[in-house]
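Here's the structure we're looking at; comments come further down.
The values are calculated or read from the model by the stated rules, or taken from the named source; none is laboratory data. Note that the structure is a prediction, hence the values are computed from the model and not measured. Virtual Cβ from ideal backbone geometry, glycine too; neighbours counted across all protein chains shown.
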Amino acid sequence: MTTLPLKVQIEGLTKKYPNGDGVENINLEIYEGEILTLLGPSGCGKTTILRILGGFNDIDDGKVIIDGKNVVDLVPEKRPTAMVFQSYNLWPHMTVYENLAFGMKLRKIPKAQIKAKIAEMLEMVKMGESEKKYPNQLSGGQQQRIAIARSLLLKPSVLLLDEPFSALDAKIRMQMREELKRIQSELNITVVFVTHDQEEAMSLSHRIVVMEKGKIAQIGTPTEIYDNPNSQYVASFIGEMNFIPQANALLAVRPEDIKIYIDETGDYKGKIQSVMILGHFASVHINYDEQDIKAFVPRLESQTLSEGMAVSFHIEKYQTYKKGA
Ligand SMILES: Nc1ncnc2c1ncn2[C@@H]1O[C@H](COP(=O)(O)OP(=O)(O)O)[C@@H](O)[C@H]1O
Ligand SMILES: [Mg+2]
């Protein structure tokens, strides 16, 4: 990714609300044509950064450079960005067509051109037959497709998406992730995506920025962050992790990196607490030294395991963290 041109540079960005919350000394480079996700629990400052990029929040300190230009003093309309919010914000009294045409009419784009562009964009988001419908005649997922189409019609250089799929049910949410990836790669647009859902971040991002209390905890590709979380915080936030205290350190072990033996082959001895089949694999809890250890086991293999069984296990891969760090 690092060979791609720079699209956005955030330098030394600080924004504090009167109560002291906010974000502090954020430094971040975003490349052209990537989906970059800001990930972290509620309240860590994701929306604050996104709104700053879009021009909806002022800042205390720092620079925001988009396409080589400091945009800090520009109002949202003058920025090469478009933002989509969690609540779709379509105008309820306007049809889909009117919702989409609104911004272009303001820009005095000729009618025929508006029509053609809307038709093209509705195809892009797979909503071809919806021009005459009103928002309340559409499902949540369909409304969000229209909201995305509306923002894309403004031809933004950077598309900002704030938890756009979090109000949708699980199945539609997965579809929308796929759709977003397709649209992003067809248009080769730069996307900054915000979510608190680590699975969503893992599945659609080129890079993830993990945030903690107004600061950046780690930046990396999904694989880098999953395989090498740089702190206990990141390790516990991304995917599932067992933390096993040792004398001076904490071992962090992914459930899929624990190999169970029905004899004494493994380094650690324990007892099976439960075996739960979850589709193609099983989640197995082992009681080891008064701790609960979770292991993921292929389904066939799990059939040899049962509650109360004495087993041993081997840790195939682990990270260590300083205790309490
Ligand atoms: N307008 C505001 N005034 C005061 N505090 C705010 C305001 N907006 C956000 N905050 C606070 O700043 C912190 C970060 O908020 P936000 O960026 O919305 O987090 P996130 O999107 O990660 O949930 C939170 O503690 C939140 O309560
Ligand atoms: Mg938010």
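Within region 151-183, the only residue that satisfies the criterion of being acidic (Asp, Glu) and in contact with a helix residue (DSSP H, G or I) (Cβ under 6 Å, 6 or more places away or on another chain) is ASP162.
Contact map, region 192-218: residues that are in contact (Cβ under 8 Å) with a residue 24 or more places away in the chain paired with residues that are of a type in the set (Lys, Arg) and within 13 Å of ligand 1 (Cβ to nearest atom), Cβ distance under 6 Å, separation 6+ or inter-chain. Pairs shown: VAL194/LYS46.
Among the candidates LYS115, LYS181, LYS171, the residue that is away from ligand 1 (no atom under 16 Å from the Cβ), touching a residue at least 60 places away in the same chain (Cβ under 8 Å), assigned to a helix (DSSP H, G or I) and more than 26 Å from ASN25 (Cα to Cα) is uniquely LYS181.
Taken over region 48-89, the criterion of being in a helix (DSSP H, G or I) and touching a Pro at 6+ places or on another chain (Cβ under 7 Å) is satisfied by GLY54 alone.
Taken over region 291-318, residues that are part of a loop (DSSP other than H, G, I, E, B) and over 31 Å from the mean Cα position of the chain (by Cα) amount to 7.
Can you tell me which residue is farthest from LEU159 (Cα to Cα) among those in region 118-144 that are in a loop (DSSP other than H, G, I, E, B) and without any contact (Cβ under 8 Å) to a residue 12 or more places away in the chain? Selected residue: GLU129.
Checked against (1) part of a loop (DSSP other than H, G, I, E, B); (2) under 30 Å from ILE10 (Cβ atoms); (3) at pLDDT below 95, ALA247 meets all criteria but (2). The numbered conditions (1) closer than 30 Å to THR37 by Cα; (2) part of a strand (DSSP E or B) are all true for PRO229 except (2). Whether any residue in region 128-141 is under 29 Å from LEU38 (Cα atoms) and within 16 Å of ligand 2 (Cβ to nearest atom) is what I want to check. The answer is no; no qualifying residue exists.
All of (1) modelled with pLDDT of 90 or more; (2) out of contact with any Pro (no Cβ under 9 Å at 6 or more places or on another chain); (3) surrounded by 15 or more Cβ atoms within 10 Å (Cβ to Cβ) hold for GLY128 with one exception: (3). Whenever a residue of region 16-34 is on the phi > 0 side of the Ramachandran plot, its partners that are modelled with pLDDT of 95 or more and outside any strand (DSSP E or B), lying with C-beta atoms within less than 7 angstrom and at least six residues away or across chains, give the pairs GLY22/GLY45; GLY22/THR48; GLY22/GLY214.
When PRO92, PRO18, PRO41 are screened for being assigned by TED's automatic domain parsing to the domain that holds SER157, assigned to a loop (DSSP other than H, G, I, E, B), within 11 Å of ligand 1 (Cβ to nearest atom) and in contact with a helix residue (DSSP H, G or I) (Cβ under 9 Å, 6 or more places away or on another chain), only PRO41 passes. In region 150-168, of all residues being under 20 Å from the mean Cα position of the chain (by Cα) and assigned to a helix (DSSP H, G or I), the one that is nearest to GLY54 (Cα to Cα) corresponds to SER151.
Residues of region 7-39 that are in contact with a Gly (Cβ under 8 Å, 6 or more places away or on another chain) and loosely packed, with under 15 Cβ neighbours inside 10 Å: GLY12, THR14, ASP21, ASN25, ASN27. Candidates in region 104-125 are the residues that are buried (at least 19 other Cβ atoms within 10 Å of the Cβ) and of a type in the set (Val, Ile, Thr); of these, the one that is farthest from the chain's Cα centre (by Cα) is ILE114.
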